[in-house]
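S.K.: Supplied in structure tokens, the structure appears directly below.
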Protein chains: 8
Amino acid sequence: MAEVILGEGKTPAQVAGIFSRLAKHGRNVLATRANQKQFEAVKKKIRGAEFRELGRAIVLQRDSKKYGKGIVAVVSAGTSDIPVAEEAVITAEVMGNEVQHFYDVGVAGIHRLLANREALTQARVVIVCAGMEGALPSVVGGLVGVPVIAVPTSIGYGASFKGLAALLGMLNSCASNVSVVNIDNGFGAGYVASLINRLP
Amino acid sequence: MAEVILGEGKTPAQVAGIFSRLAKHGRNVLATRANQKQFEAVKKKIRGAEFRELGRAIVLQRDSKKYGKGIVAVVSAGTSDIPVAEEAVITAEVMGNEVQHFYDVGVAGIHRLLANREALTQARVVIVCAGMEGALPSVVGGLVGVPVIAVPTSIGYGASFKGLAALLGMLNSCASNVSVVNIDNGFGAGYVASLINRLP
Amino acid sequence: MAEVILGEGKTPAQVAGIFSRLAKHGRNVLATRANQKQFEAVKKKIRGAEFRELGRAIVLQRDSKKYGKGIVAVVSAGTSDIPVAEEAVITAEVMGNEVQHFYDVGVAGIHRLLANREALTQARVVIVCAGMEGALPSVVGGLVGVPVIAVPTSIGYGASFKGLAALLGMLNSCASNVSVVNIDNGFGAGYVASLINRLP
Amino acid sequence: MAEVILGEGKTPAQVAGIFSRLAKHGRNVLATRANQKQFEAVKKKIRGAEFRELGRAIVLQRDSKKYGKGIVAVVSAGTSDIPVAEEAVITAEVMGNEVQHFYDVGVAGIHRLLANREALTQARVVIVCAGMEGALPSVVGGLVGVPVIAVPTSIGYGASFKGLAALLGMLNSCASNVSVVNIDNGFGAGYVASLINRLP
Amino acid sequence: MAEVILGEGKTPAQVAGIFSRLAKHGRNVLATRANQKQFEAVKKKIRGAEFRELGRAIVLQRDSKKYGKGIVAVVSAGTSDIPVAEEAVITAEVMGNEVQHFYDVGVAGIHRLLANREALTQARVVIVCAGMEGALPSVVGGLVGVPVIAVPTSIGYGASFKGLAALLGMLNSCASNVSVVNIDNGFGAGYVASLINRLP
Amino acid sequence: MAEVILGEGKTPAQVAGIFSRLAKHGRNVLATRANQKQFEAVKKKIRGAEFRELGRAIVLQRDSKKYGKGIVAVVSAGTSDIPVAEEAVITAEVMGNEVQHFYDVGVAGIHRLLANREALTQARVVIVCAGMEGALPSVVGGLVGVPVIAVPTSIGYGASFKGLAALLGMLNSCASNVSVVNIDNGFGAGYVASLINRLP
Amino acid sequence: MAEVILGEGKTPAQVAGIFSRLAKHGRNVLATRANQKQFEAVKKKIRGAEFRELGRAIVLQRDSKKYGKGIVAVVSAGTSDIPVAEEAVITAEVMGNEVQHFYDVGVAGIHRLLANREALTQARVVIVCAGMEGALPSVVGGLVGVPVIAVPTSIGYGASFKGLAALLGMLNSCASNVSVVNIDNGFGAGYVASLINRLP
Amino acid sequence: MAEVILGEGKTPAQVAGIFSRLAKHGRNVLATRANQKQFEAVKKKIRGAEFRELGRAIVLQRDSKKYGKGIVAVVSAGTSDIPVAEEAVITAEVMGNEVQHFYDVGVAGIHRLLANREALTQARVVIVCAGMEGALPSVVGGLVGVPVIAVPTSIGYGASFKGLAALLGMLNSCASNVSVVNIDNGFGAGYVASLINRLP
């Protein structure tokens, strides 16, 4: 698996220091919850590092081999959920998986999701990111026969209580193939999906 | 509108007393959250009263005129949500509406819901009852162009917190045509739907 | 219905881009939770756009036809609730309704509300916005015989928990004609009211 | 002030023992949250004791002098709130106050409350008991110019969370003359009202 | 009673405008939750206005008559609770009461409180402000025989949840003479105390 | 996959009816949250049905083929967590997996867990059930390199809030390979594990 | 230390079996949260076992040596808190400590507590049990200079939320020498106190 | 014991004033939750004062005598927990204890903790700081036979709810030797540990 740093709460110098140290192991390196300044500090030390802004990640992709056996699908509900979904996408890619994403397929416009049904059923594991009512994993769970990892996002206002509504919704999913990670934890979902997809 | 009594927490004698007093007004009478014993006490005083067990309601239907202009659709997710859905159905019927129900069309088997799409779009107002993750109103809301009244039910366990998860989900619905009533409040949903359906 | 964009969390350029794209459909366009900078960006592209500051909305009113059959009344409790109430007013207006508003008629000065009773009973649907204890929808619900859509606002402090107290109050309303939308969701209330008011 | 025992959680023998011991002090004695069996045990020892069933209280009224300077008004919203209201009434009476009660004057039928406005404004202190949305103290607070003690009751279901909704509502009252006691604490309200009414 | 404005959330111009309008009524005027800039704007219009910084209040004291019959005592636990306590003090003073304050007498140093016992028992009504565990009203309640109004403050961290711990503590007080107002609501406590102290 | 019925909340006749209908499909049948009376009703119709009391499950094992590619390990913390763990075990077995269980290996006696480390690392997917502080999945997650499905149980008292403490703990696990299902949802964990173990 | 069994949730036969097995180790044996039936089953196997009903504990005291270096004081607020306090007392005694208890010294009658001040300051470690507002540990903490272990009890109603109010109060104690155990966890407090008292 | 000031919420001048006043008592002085500016103000008045940045503390160490009888061990889970752990370390040192710290020994890498087992068992009292799932005190509690003081930290995101998850986890610890202080209360833990370690 790749080496991972949590960027949040660290100075650019700290991130750059840890990043370059990990880079010596020869594996892919991923810094999550990173920002532009941290990237600039890393970039000075490690030329090949890239900043994937939408997913707030710094990536050093040394090894492009696909260790995963199939496709990891990443599905998200609204535009605002995309950063979390991208964190999952990038994590899964850095961990050596082929990833396919399906964005803006929220449940209130079910036809957009159903239009992707065929493609979704090709995946070996599915990550679903949604805020607000967090209903999407239940619907996706009913469409596919593989494990679904649900990621509640903090998107919403008022009674969403920063992702609590979505989290509770997902934990109570009536689809039996759904398990859940922490609010906004795109990395965790990408990591678990990678482990599942690598199983021999 | 019909006369209404809340049966819960009242003795059979109390329910029967109030019921027969209200019956003198000549309108339909409805006792919600009622039980068999209360019904027996009512029955002795009011011959025409019926017990609709599934919806836990005692009904005296004097006036069968349809005051509503269109159809009130009542949709529910799982088998255990039916008592709440039936309370909504009975309320809307007693208030003079044509009601059509769609049960067991939860989101994890989306095809069952979609199979009823045509019929659903015929309704003038839609009530949706669901427990657990409470995702159904969002999906139904996206399928119809009329007001949707969402009823969270207390069905679920663990992190459903007796309907709280479903309630929060519905309040955060990404479908703009959804408003919400209290947990298990089938009566309230039927009442609001009746008011909407009666609008000239 | 009008085209709608959520302004919150978008850059002025993004809002302006989406706004002008939607404007091509020929219908009214509404951007909610918008700010002055977003308006300026929109204004450069779409001359007819107006900024309704109190309700934080950018409006392009192309079609002034009244699709609603009656009056939508918007009632609010305190001065601080007015922005949410205005969001409801503007939404209902852009959706083609005649709107009448009744502000600063909180329950602790019940005579101010009662002074408007006559006018209120003329409405075909009523929206009620209130923060703090959220008691107003229950009182209004008892005064009118039409559907009431309650909007809890995040106004208050301490044990208001950013609108939670008002939300719970409204969900437990003893008036049977009340349904509820999310905290501060003036748009949702205006949208549901428009759907109700349009019913043939 | 009278002597007080909390009946709840005590055996009939315990209540009777404490009651008769307190009775020796020569003052009024009050057992709150008491039941029929406890009363029977007390009755055997203390002839003059009475059971006030609705308020679940055993009362020994030795001293009928009115120590309070004015009237304590006790207002309640729904039928189910009456036991708590009665506990407040009995407490205030046993403590030597003239009490006047106003039951079933909930906010959804505001005219019933307003019909009692004249009488209410005669009180020197007002207790208001309400469950569900707990809106009544705010309305009453606006009608009178004296201290209002609000008692949330556990009446309600679903999102009332056993009185939490009413409690939060009352704490956020927009009427400045309202203070609050614990859920179902009719005794506390009666006690505080008595202290206020006795002030020289 | 004095005229009152809530300063919080208003511009200096708004506060000054309302303040000078209210000042025309000839009574005392109080702006709560006010800041220096608001005061400067008021000062330009109303010469006699004073800023009481610690209590964040702008005061125009026209009428210095004592309407209260006795002393209002204001007790607070820690240094950080003083702003809330001062809001109560100023409110009671502006409403025409003699006020005596007892600060820094928290329960962990009970001797400091007990040293003031004699003085405390002279009061006709007592306000107690405390954050963190909110224990002080129970102890004070046991020391005096008059009504105690408890004000939870938002002082604390972690599991104080911004005053929730103190609020719950006060609602569950084992002293029967305690009633409670909202978190940080020094004004409300001062207002209720004034009403009590004015009772003839 | 096997056919599944939720026994909870159904009469023995209902369970027996559904069970025998599902049995006609020729696959394994599983009734979860079942009781002795339900089993007796099933037994009369379906001879081969067995009651696995500890896991509260009725099982009809028609097909004993192992569809899973490796071992599903089920780990639990305390004795009281065993019923939930057994539900997971039985589910995984009925779905065609080889299951190995490790009970009573809670974190306060870490050596008991470590003694099983070797065996644990042989599993292809691990289910971990724990109540109280819910710490076990984090420790197990650190010991194995495969997906861990965490099941919070409702075991505990006081501040465990019926499994909430364990649920929150597991969602915040510092081990990246952990995903979570609802409180007491042994079935869901067994189902997800089966899907993972079946992946080709 | 003594051997310990949690009685709650076990059959009399299970308790008796485990108890007699543990008794073979020759140390003291304690079954907490035990009932009369469990005791009778134990008694048949182990003659010396005693039932300490108030503290719901079965005790086999083989070794009466005092391992603790000083006195463990156990303080409790109200009568209803005594069972939890007794659990702490018995635990500390069985673990070999001299225990002194101070019951019914709640904060609303501070003089009763202060009357025991002298004795309290003799203790080497103090356990304080309180429900409702949970204020007692702060006051006791201020009186003594040794570690205080606070035990919130589930005693109370309404906004006590089964001990949550007391728990939060204790966690926010302004006395620095207070640490807290779970709601009703008299055993845990007795155990920690024993460890502290045994320190050489 | 040392003199202590809470720096948080005080101006540099206030901290410096109180600090120098306390310094006159001749004992060690500790300002917790302090910042660089406060330190600079203190430094001008008290030459010997030092700023321990990581633990956000200003320290004046006059008396270096070891009053504690043994070692206070301070254990923490992740890098982000170190500031809280350092607050505990500094508090214990200023109070006259020999302190040994064990950082970055979180439960997901149990071998790092176990590598320190020998050293840990030498301590007379152990403080354990952890955020996220708060599992570490249970594991440490099982490894040592002395009192463990658990400090939940606010480290985490989403469902950590600013330390609530860790707090609940620790209160429900299955290790009997654990008691808990408030979220981020490193000072409190250090203080209680000092009291325990000083016991003769």
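The values are calculated or read from the model by the stated rules, or taken from the named source; none is laboratory data. Computed from a predicted model, the values in this text were never measured in an experiment. Don't worry about glycine lacking a Cβ; one is built from the backbone with ideal geometry, like all the others, and counts go over all protein chains shown. Heavy atoms of the whole protein, side chains included, go into the accessibility calculation; ligands, DNA and RNA do not. Shrake-Rupley method; radii C 1.70, N 1.55, O 1.52, S 1.80 Å.
S.K.: Could you list, in sequence order, all residues of segment C:74-88 that are among the aliphatic types (A, V, I, L, M), surrounded by fewer than 24 Cβ atoms within 10 Å (Cβ to Cβ) and over 16 Å from C:Gly156 (Cβ atoms)?
M.R.: Scanning segment C:74-88 gives no hits.
S.K.: Give segment F:1-28 a look and list any residue that's in contact (Cβ under 8 Å) with a residue 40 or more places away in the chain, in contact with a helix residue (DSSP H, G or I) (Cβ under 6 Å, 6 or more places away or on another chain) and more than 13 Å from chain B (Cβ to nearest Cβ), or say none.
M.R.: Matches in segment F:1-28: F:Ala2, F:Phe19, F:Asn28.
S.K.: If you don't mind, another one. Keeping to segment A:113-142, report how many residues are of a type in the set (D, E, K, R) and either under 18 Å from A:Ser194 (Cα atoms) or buried (at least 22 other Cβ atoms within 10 Å of the Cβ) (or both).
M.R.: 2
S.K.: Another question, then. Hey, can you tell me all the residues within segment G:93-112 that are in contact with a Ser or Thr (Cβ under 7 Å, 6 or more places away or on another chain) and surrounded by fewer than 18 Cβ atoms within 10 Å (Cβ to Cβ)?
M.R.: Residue satisfying the conditions is G:Asp104 alone.
S.K.: Now, a different point. Can you tell me which condition H:Asp104 does not meet? The list is (1) of a type in the set (Asp, Glu); (2) more than 17 Å from the chain's Cα centre (by Cα); (3) within 14 Å of chain F (Cβ to nearest Cβ), and all the others hold.
M.R.: (2)
S.K.: Further question: Since D:Gln14 meets every condition but one in (1) touching an Asp or Glu at 6+ places or on another chain (Cβ under 6 Å); (2) surrounded by fewer than 17 Cβ atoms within 10 Å (Cβ to Cβ); (3) of a type in the set (S, T, N, Q), which condition does it not meet?
M.R.: Among (1) touching an Asp or Glu at 6+ places or on another chain (Cβ under 6 Å); (2) surrounded by fewer than 17 Cβ atoms within 10 Å (Cβ to Cβ); (3) of a type in the set (S, T, N, Q), D:Gln14 violates only (1).
S.K.: One residue is enough: does segment G:165-178 have a residue meeting the conditions more than 24 Å from E:Val105 (Cβ to Cβ) and either touching a residue at least 24 places away in the same chain (Cβ under 8 Å) or surrounded by 24 or more Cβ atoms within 10 Å (Cβ to Cβ) (or both)?
M.R.: Yes: segment G:165-178 contains one or more residues that are more than 24 Å from E:Val105 (Cβ to Cβ) and either touching a residue at least 24 places away in the same chain (Cβ under 8 Å) or surrounded by 24 or more Cβ atoms within 10 Å (Cβ to Cβ) (or both).
S.K.: If you check B:Arg47 against the conditions, is it open to solvent by 80 Å² or more (accessible area, probe 1.4 Å), within 21 Å of B:Gly190 (Cα to Cα) and among the basic types (Lys, Arg)?
M.R.: no
S.K.: Any idea how many residues of segment D:91-119 are more than 16 Å from D:Thr153 (Cβ to Cβ) and of a type in the set (Val, Ile, Thr)?
M.R.: 3
S.K.: What number of residues in segment C:135-168 are within 14 Å of chain E (Cβ to nearest Cβ) and of a type outside the set (A, V, I, L, M)?
M.R.: 8
Yes/no per residue for (1) over 29 Å from F:Gln14 (Cβ atoms); (2) out of contact with any Phe, Trp or Tyr (no Cβ under 6 Å at 6 or more places or on another chain); (3) in contact (Cβ under 8 Å) with a residue 60 or more places away in the chain:
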| site | (1), (2), (3) |
| --- | --- |
| F:Ala34 | no, yes, no |
| F:Val59 | no, yes, no |
| F:Val72 | yes, yes, yes |
| F:Ala92 | no, yes, yes |
| F:Met95 | no, yes, yes |
| F:Glu98 | yes, yes, no |
| F:Phe102 | yes, yes, no |
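S.K.: Kindly indicate whether any position in segment B:16-35 is of a type in the set (Ser, Thr, Tyr) and in contact with a Leu (Cβ under 7 Å, 6 or more places away or on another chain).
M.R.: yes
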